[in-house]
Amino acid sequence: MSSKSEPIPMVACRAGALSGQACVPGDKSISHRALILGALAIGETRISGLLEGDDVLATASAIRAFGADVIRHENGEWSVHGVGVGGFAEPENAVDCGNSGTGARLLMGAMATTPITATFTGDRSLRGRPMGRISEPLALFGTRAYGRAGGQLPMTLVGAAEPVPVRYELPVASAQVKSAVLLAGLNAMGRTVVIERVATRDHTERMLGGFGAEVTVESTETGRTITLTGYPELKPRSITVPRDPSSAAFPVCAALISEGSDVLVPAIGLNPTRTGLYVTLAEMGADLEFENEREEGGEPVADLRARFSPQLKGVEVPSERAASMIDEYPILAVVAGFAEGKTVMRGVGELRLKECDRIDAVAEGLRANGAVVEEDRDTLTVHGRGTDGLPGGGCVETRLDHRIAMSFLVAGMAARKPVRIDDANPVVTSFPNFGSLMAGLGASLEEGAV
Ligand code: S3P
């Protein structure tokens, strides 16, 4: 699953029980932030457990281009020697963020208040995603943006020479937009305030505090108000990246729908802004057990045990939960295909703006495999077949989207007939060892013609 040049078709077949330990890679969101904040601190930030997926590696290259020194040690730890707030150098070439919306948007924020010019680009998927949601709040600091029509990449940002702090109410529930504004606020004198109506993942706020910035969070009637004081001197630190709950979702869900399974996923991050999937699965009747709950590096962590759950029931997933499980709807939709009755996922319109239109990709993929699915702009409904399970037998277009690829490979592990995907290449963006890890649990995955 590593070459990007040729598509790698893959087929997943039902192989019975999955069992053993699934050590999933480091958290993607936290990995990007560790590199970027490391680059904005003066001195050495040491990172263990960094996700070495393509998305994060693109961010590592980007911060090198902005002047930070980035080293991977033989033991797998990483060091970033940062240049300080306002210390970014002008990159000599366009900054290629690959497939990563998080990398692109956070880096845009991080450079926006430094008087340098940088052009951001990415792959076909990223070039199709909306960036006006970033350039608009950055304009309030004084940053100028020149993008393609519709605010798409490639986009050139001219950093503000005399940035002013801003007060910004998020028009969409987006941790990427929130983080871009906060990172830009670092190099603006005074207080930058971001207000979010719905809480989104809070890794940026937590990590900024850990690096020594003055950040306060208040719950008010209008929502969560985050206040950052500009011009902090960020202090380098050691960071242990917890394992990614969004990646853990794949072996966990595979275990829930594969007869006889019993899988343990150690040390996954359980930040409450990320756990919506697990709340939903518990409501569906999943056999999940959280063991050994503890805190590591400022984030709550636990070991999660998942066992085959033959009695899953369809549920209503409320729109208020969307932000806390935004990346997990594709795999939830697959699980819903194995539950009794219908699962209605409301308030999921943002899924249309991810690595691909995930509502459309999931609906098309499930239908190709015999499920009845309804969709409208903001809602996805899957009619599950209970113990009959998903028929399978279809081929799914992965559309440069890692989570679509992995979700349908998981579907094939439990469906009655094999499920094929047209291209497994995107998997390396977030879960480079997905194939070997799932095979180690007993799954049957094979590369082969569609
Ligand atoms: C992320 C935020 C989410 C999520 C993405 C990672 C982050 O995007 O989908 O995979 O690390 O901040 P939005 O902020 O667009 O919701």
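Give the residue that is farthest from A415 (Cα to Cα), with candidates limited to residues of region 287-322 that are in a helix (DSSP H, G or I) and open to solvent by 20 Å² or more (accessible area, probe 1.4 Å).
Applying the filter and picking the extreme gives E320.
If D54 satisfies all but one of (1) away from the ligand (no atom under 14 Å from the Cβ); (2) in contact with a helix residue (DSSP H, G or I) (Cβ under 7 Å, 6 or more places away or on another chain); (3) open to solvent by 10 Å² or more (accessible area, probe 1.4 Å), what's the number of the condition it fails?
Every condition holds for D54 apart from (1).
Does A60 satisfy the criteria of being more than 12 Å from the ligand (Cβ to nearest atom), over 14 Å from the mean Cα position of the chain (by Cα), within 29 Å of E169 (Cβ to Cβ) and open to solvent by less than 10 Å² (accessible area, probe 1.4 Å)?
No.
Return the residue satisfying two criteria in turn: it lies in region 170-195 and is in contact with a strand residue (DSSP E or B) (Cβ under 6 Å, 6 or more places away or on another chain), away from the ligand (no atom under 13 Å from the Cβ) and open to solvent by less than 10 Å² (accessible area, probe 1.4 Å), and of such residues it is nearest to N271 (Cα to Cα).
I195
Tell me the residue from G98, G86 that is assigned to a loop (DSSP other than H, G, I, E, B), within 16 Å of the ligand (Cβ to nearest atom) and either in contact with an Asp or Glu (Cβ under 6 Å, 6 or more places away or on another chain) or under 18 Å from L40 (Cβ atoms) (or both), please.
Step by step, each of G98, G86 is checked, and only G98 is assigned to a loop (DSSP other than H, G, I, E, B), within 16 Å of the ligand (Cβ to nearest atom) and either in contact with an Asp or Glu (Cβ under 6 Å, 6 or more places away or on another chain) or under 18 Å from L40 (Cβ atoms) (or both).
Out of L107, L35, L51, report the one residue that is within 29 Å of Q152 (Cβ to Cβ) and out of contact with any Ser or Thr (no Cβ under 6 Å at 6 or more places or on another chain).
After applying the criteria, what remains is L107.
Just give me the residues in region 10-50 being open to solvent by 30 Å² or more (accessible area, probe 1.4 Å) and not small (G, A, S), in sequence order.
C13, R14, Q21, C23, I42, E44, R46
Just checking, does region 40-48 include any residue being in a strand (DSSP E or B), in contact with a Lys or Arg (Cβ under 8 Å, 6 or more places away or on another chain) and within 16 Å of the ligand (Cβ to nearest atom)?
Checking region 40-48: not a single residue is in a strand (DSSP E or B), in contact with a Lys or Arg (Cβ under 8 Å, 6 or more places away or on another chain) and within 16 Å of the ligand (Cβ to nearest atom).
Inspect all residues belonging to region 126-138 and state whether any of them is away from the ligand (no atom under 15 Å from the Cβ), over 19 Å from L170 (Cβ atoms), open to solvent by 10 Å² or more (accessible area, probe 1.4 Å) and over 17 Å from the mean Cα position of the chain (by Cα).
Yes, because at least one residue in region 126-138 is away from the ligand (no atom under 15 Å from the Cβ), over 19 Å from L170 (Cβ atoms), open to solvent by 10 Å² or more (accessible area, probe 1.4 Å) and over 17 Å from the mean Cα position of the chain (by Cα).
Of the residues G341, G347, G393, G386, which is within 14 Å of the ligand (Cβ to nearest atom) and on the phi > 0 side of the Ramachandran plot?
The conditions single out G347.
Hey, could you check region 237-267 for residues that are open to solvent by 20 Å² or more (accessible area, probe 1.4 Å) and farther than 12 Å from D303 by Cα and say which is nearest to the ligand (Cβ to nearest atom)?
Checking each candidate, the answer is T240.
Would region 196-209 turn up any residue that is closer than 28 Å to P318 by Cβ, within 14 Å of the ligand (Cβ to nearest atom), of a type in the set (D, E) and not in a helix (DSSP H, G or I)?
yes
The values are calculated or read from the model by the stated rules, or taken from the named source; none is laboratory data. Note that the coordinates shown come from a computational prediction; the quantities given were computed from them, not determined experimentally. All Cβ positions, even for glycine, are placed from backbone atoms using ideal geometry, and neighbour counts span all protein chains on display. SASA here: full protein model, heavy atoms, side chains in, ligands and nucleic acids out. Shrake-Rupley method; radii C 1.70, N 1.55, O 1.52, S 1.80 Å.
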